[in-house]
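Novice: Take a look at the following structure, please.
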Amino acid sequence: MIPKLMQNLTLPVAKMQASRRQFMLGALASGGGIAVGYQIIAASPVIAAETAAEDGNAAVFTPYLTIDGDGKVVVLSSQFEMGQGSYNGLATLVAEELDADWSSIDVRGVAGNVKAYGNIAFGGAIQGTGGSTSMVTSWERYRKAGATARAMLVAAAASEWGVSPEEITVANGVLAHPSGKSAGFGAFAAKAATMPVPTDVELKQPDDWKLIGNAKLKRFDSARKANGTEQYTIDVKLPGMLTAVMIHPPMFGAKVKSFDATAARSVKGVVDVVETPRGVAVVAEHMWAAIKGREAVKVVWDDTTAEKRSSSEIMAMYRGLADKAPVAVARNDGDAEAGFAGAAKVIEATFEFPYLAHAAMEPLNAVARRAEDGTLEIWGGHQFPDVYQMLASQIVGTTPDKVKLHVMKSGGSFGRRAVFDGDVVVESVYVAKALGFRAPVKVQWTREDDMRAGRYRPAYVHKLKAGIDGDGKLVAWSDHVVGQSIMAKTAFEGMVQNGVDPTSVEGASNLPYAISNQTVGLTTTEVGVPVLWWRSVGSTHTAFAAEAFIDEVAEAAGRDPVEYRLSMLDPQSRHAVVLRLAAEKAEWTKPLADGHFRGVAVAESFGSVVAQIAEVSTDGSGSIKVERVVAAVDCGLAVNPDQVRAQVEGGIGFGLGAILGEEITLTAGKVDQGNFDMYSPLRIDAMPVVEVHILASANPPSGIGEPGVPPVGPAVANAVYKALGKRIRLMPFAKTLNA
């Protein structure tokens, strides 16, 4: 049931002023996060069902759902499922308005109908999943799809029974009439799908919701995931299918000069060794043979244009650049230099953030097959299906409509599958083409492939400076951000305006605090390491730098960190509301047990605001343990409160792993890490107790897949300072704690 509405806050929507091309670019800038603000656009309630059903004799109502003769409702999801729960959210919207039996619901990923599946948050011109926009883009149209199908079922039953539609009630997948007649959806599905499609359906009022906002509603797919029957791309098996593994360049930018596959071809099970524009592929009857064959291939690389620097050299360059004037300006309010000149005290700090891997549990994979009619079929975790259709069609010399995508669920992504160039998807097509399409081919990466030939959260350096007056008031602020652009020199360069990639400065250029004089500068670097969105994108480093530095400023001002932040926020703002709620729930002003310390941070990302208070303990040896994190969340209306809670919990664990121990380093251009023995996402025994408090809201849903990540790092860092007296400015924490 919908919770009591505590307030009616305005959803902060940055309206996108862009051309259609920029809309498309913006859409693609959204693997782990959207690069620009988004807007809510009303979707047409009725769109022709151009996507054929794959559910046997199921009746197609709209491109968003089918119902079969047994009453099974299949929601056709425009959003890719990578563990974030988008399928469950869309199912909730449809089932609510349809009055369906929750146990009859299933969801299938679809692609190929941009009019229906275009991401509204990105302008609707392209299908894509990212930027925590699944509910934003689906909130209205999937509810309308459910209501439309319900009206068609009622019309069919009324016609069949010879009664007025107004006399028919619907509940839990059953239509009923006061005369005693009743039947399930399946009895009328076929007829209902042929009924006139209503163009203006009425949606339920919040007081009538049974599923939306129901904190006890369980995910429809939990059992399949728990018992191992859920199907991912790695599970795809087609008759005659071959398996291929790639040999990627050992340094980014290197190319194949020559290779000798004589020994590999003698390995039992190896079918072929072929060269592709992305490296050498060893094709075999099964994975083991492919791996053994790969070990036998001798490749000579041309590394003339490869990136050969080590990460330590790259960071040294960044530190030097941070001491210089920024190349571009992302924000410039008042006169920061005058503010610093007149300040009673000036504080400075430099923060360093390393490259990070996505490290999803299921490494990249895709399956390609050309059917007898010439259609190219590709199975995979298609985060931007329109792009992959286009790229695949160009490789095989056909049109995108001749490329059929099977949208599989993915065991994680965190932005990894939202790539510019199709990555493993195009590899599968290249290999299948090299084999003359004589067999379906699955290209499967190993963990080491993904760690060493992947795309990374860019490394960054922030140089911050703050000036306070005699009363401790913050009167000047500057943040110079140095790092690679995710968008520059890609098909999405159109999103870079005046030298500013918005993904580099989001979370820094929109700092919520009232500071009269502030500037945010950016220096974009040229490095050959490939970078990509990573869960929460720019806010993973900008929020840390800003919120950890604010604590230093509060200390210099002699003020309490929570009170100091609140003094610079509108008391009715979303930041202030969640900050007060987190402080209240964490009992901020009450003393802790000996050896325990608290830290606070608040951050906005993807339309949502999250405040967190972390509690750490120390045994006096210099080590710390994160004991508890209390989070307060404003994500608009929580469609699935339990899922919102899970996303914030997961985001906290994900963010903790990154700040405590994760780091991708390079030596002479080669990535040092290969697997989880050298790369350390948070282990389960290090997960703290997490409390999530969701602010009740009547506003439309905003993002939740990513906003739980940014605040946890600075909140813990601020607590560590209280515990050990060490300011954490160098990531991961281990570098400071072990120093």
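Novice: Of all residues in the stretch 201-259, which are open to solvent by 70 Å² or more (accessible area, probe 1.4 Å), within 27 Å of ARG141 (Cβ to Cβ) and touching a residue at least 60 places away in the same chain (Cβ under 8 Å)?
Specialist: Across the stretch 201-259, the qualifying residues are ASP207, LYS210, LYS216, LYS218, GLN231.
Novice: Condition (residue is more than 30 Å from GLU337 (Cα to Cα), of a type in the set (A, V, I, L, M, F, W, C) and assigned to a strand (DSSP E or B)) applied to the stretch 522-544: is it met by at least one residue?
Specialist: There is at least one residue in the stretch 522-544 that is more than 30 Å from GLU337 (Cα to Cα), of a type in the set (A, V, I, L, M, F, W, C) and assigned to a strand (DSSP E or B).
Novice: For the stretch 711-739, how many residues meet the condition of being among the aliphatic types (A, V, I, L, M) and part of a loop (DSSP other than H, G, I, E, B)?
Specialist: 3
Novice: Sticking with this structure for a sec: Which of (1) surrounded by fewer than 24 Cβ atoms within 10 Å (Cβ to Cβ); (2) modelled with pLDDT under 95 does SER159 not meet, given it meets every other one?
Specialist: Result: SER159 passes all but (2).
Novice: Just checking, how many residues over the stretch 252-284 are in a strand (DSSP E or B) and out of contact with any Lys or Arg (no Cβ under 6 Å at 6 or more places or on another chain)?
Specialist: Within the stretch 252-284, the subset in a strand (DSSP E or B) is 255-260, 270-276, 279-284.
If we keep only those that are out of contact with any Lys or Arg (no Cβ under 6 Å at 6 or more places or on another chain) too, we end up with 255-259, 270-276, 279-281, 283-284.
Going through the stretch 252-284 one residue at a time, the tally reaches 17.
Novice: Residues of the stretch 123-134 being within 23 Å of ASN640 (Cα to Cα) and either of a type in the set (Phe, Trp, Tyr) or open to solvent by 10 Å² or more (accessible area, probe 1.4 Å) (or both), which ones?
Specialist: SER132, SER134
Novice: Having 3 or more residues that are surrounded by fewer than 17 Cβ atoms within 10 Å (Cβ to Cβ) is the bar; report the helices (runs of 4 or more DSSP H) wholly within the stretch 305-397 that clear it. Before you say what the answer is, go through the steps one by one.
Specialist: Working: elements: 311-322, 336-342, 385-396.
In the stretch 305-397, the matching helices (runs of 4 or more DSSP H) lie at 311-322, 336-342.
Novice: Name every residue in the stretch 500-510 that is open to solvent by 10 Å² or more (accessible area, probe 1.4 Å) and part of a loop (DSSP other than H, G, I, E, B), in order of residue number.
Specialist: Hits for the stretch 500-510 are GLU506, GLY507, SER509, ASN510.
Novice: Enumerate the pairs (first residue in the stretch 335-360 and at positive phi and modelled with pLDDT of 95 or more; second residue anywhere and surrounded by fewer than 22 Cβ atoms within 10 Å (Cβ to Cβ) and not charged (D, E, K, R)) with beta-carbon separation below 7 Å, excluding pairs fewer than 6 apart on the same chain, so at least 6 apart or on different chains.
Specialist: ALA359/TYR679; ALA359/PRO681
Novice: Sticking with this one: Any chance the stretch 598-608 includes a residue that's touching a strand residue (DSSP E or B) at 6+ places or on another chain (Cβ under 9 Å), open to solvent by 50 Å² or more (accessible area, probe 1.4 Å) and touching a residue at least 60 places away in the same chain (Cβ under 8 Å)?
Specialist: yes
Novice: Continuing with the same structure: How many residues are of a type outside the set (D, E, K, R) and either more than 20 Å from TRP102 (Cβ to Cβ) or open to solvent by less than 20 Å² (accessible area, probe 1.4 Å) (or both) when one looks only at the stretch 173-182?
Specialist: Matching residues across the stretch 173-182 total 6.
Novice: Test GLY454 against the stated conditions and say whether it is among the small types (Gly, Ala, Ser) and without any contact (Cβ under 8 Å) to a residue 60 or more places away in the chain.
Specialist: Judged against the criteria, GLY454 is not a match.
Novice: When you look at THR137, is it buried (at least 24 other Cβ atoms within 10 Å of the Cβ), modelled with pLDDT of 95 or more and assigned to a helix (DSSP H, G or I), yes or no?
Specialist: For THR137, the condition - buried (at least 24 other Cβ atoms within 10 Å of the Cβ), modelled with pLDDT of 95 or more and assigned to a helix (DSSP H, G or I) - is not met.
Novice: Can I ask one more? Give the number of residues within the stretch 569-592 that are free of Cβ contacts under 8 Å to residues at least 24 places away in the same chain and among the small types (Gly, Ala, Ser).
Specialist: Looking only at that region, the number is 1.
Novice: Another question about this same structure. If a residue must be among the basic types (Lys, Arg) and within 24 Å of GLY705 (Cβ to Cβ), how many such residues does the stretch 539-582 contain?
Specialist: Total satisfying the criteria: 1.
Novice: Now, a different point. Please state which of the following conditions GLY71 fails to meet, knowing it meets all the rest: (1) in a helix (DSSP H, G or I); (2) among the small types (Gly, Ala, Ser); (3) surrounded by fewer than 19 Cβ atoms within 10 Å (Cβ to Cβ).
Specialist: (1)
Novice: Cβ-Cβ below 6 Å, separation at least six or inter-chain, first residue in the stretch 180-200 and among the hydrophobic types (A, V, I, L, M, F, W, C), second open to solvent by 20 Å² or more (accessible area, probe 1.4 Å): which pairs?
Specialist: Close Cβ pairs satisfying both conditions: MET195/ALA155; VAL197/VAL46.
Novice: Between SER536, SER516, which is under 19 Å from PRO710 (Cα atoms), of a type in the set (Ser, Thr, Tyr) and in contact (Cβ under 8 Å) with a residue 40 or more places away in the chain?
Specialist: One residue alone meets the criteria, SER536.
Novice: If SER617 meets every condition in (1) of a type in the set (Ser, Thr, Tyr); (2) within 20 Å of the chain's Cα centre (by Cα); (3) open to solvent by 10 Å² or more (accessible area, probe 1.4 Å) apart from one, which number is that one?
Specialist: (2)
Novice: Sticking with this structure for a sec: Would you be able to tell me the number of residues in the stretch 547-604 that are of a type in the set (S, T, N, Q) and under 26 Å from LYS625 (Cα atoms)?
Specialist: 1
Novice: Going by the structure shown, is ALA189 in a loop (DSSP other than H, G, I, E, B), touching a strand residue (DSSP E or B) at 6+ places or on another chain (Cβ under 9 Å), hydrophobic (A, V, I, L, M, F, W, C) and buried (at least 23 other Cβ atoms within 10 Å of the Cβ)?
Specialist: no
Novice: Of the conditions (1) open to solvent by 10 Å² or more (accessible area, probe 1.4 Å); (2) over 17 Å from ALA601 (Cα atoms); (3) in contact (Cβ under 8 Å) with a residue 40 or more places away in the chain, GLY703 satisfies every one except a single condition; which number is it?
Specialist: Against the list (1) open to solvent by 10 Å² or more (accessible area, probe 1.4 Å); (2) over 17 Å from ALA601 (Cα atoms); (3) in contact (Cβ under 8 Å) with a residue 40 or more places away in the chain, GLY703 comes up short only on (1).
Novice: Something else about it: How many residues does the stretch 71-107 hold that are of a type in the set (D, E, K, R) and in contact with an Asp or Glu (Cβ under 7 Å, 6 or more places away or on another chain)?
Specialist: 1
Novice: Go through the stretch 660-681 and give me each residue that's touching a strand residue (DSSP E or B) at 6+ places or on another chain (Cβ under 9 Å), open to solvent by 20 Å² or more (accessible area, probe 1.4 Å) and aliphatic (A, V, I, L, M).
Specialist: LEU660
The values are calculated or read from the model by the stated rules, or taken from the named source; none is laboratory data. Remember, it's a predicted structure, so these values are computed and weren't measured experimentally. Reconstructed Cβ throughout: ideal geometry from the backbone, glycine too, with neighbour counts over all protein chains shown. Note: areas computed on protein heavy atoms with side chains; ligands, DNA, RNA excluded. Shrake-Rupley method; radii C 1.70, N 1.55, O 1.52, S 1.80 Å.
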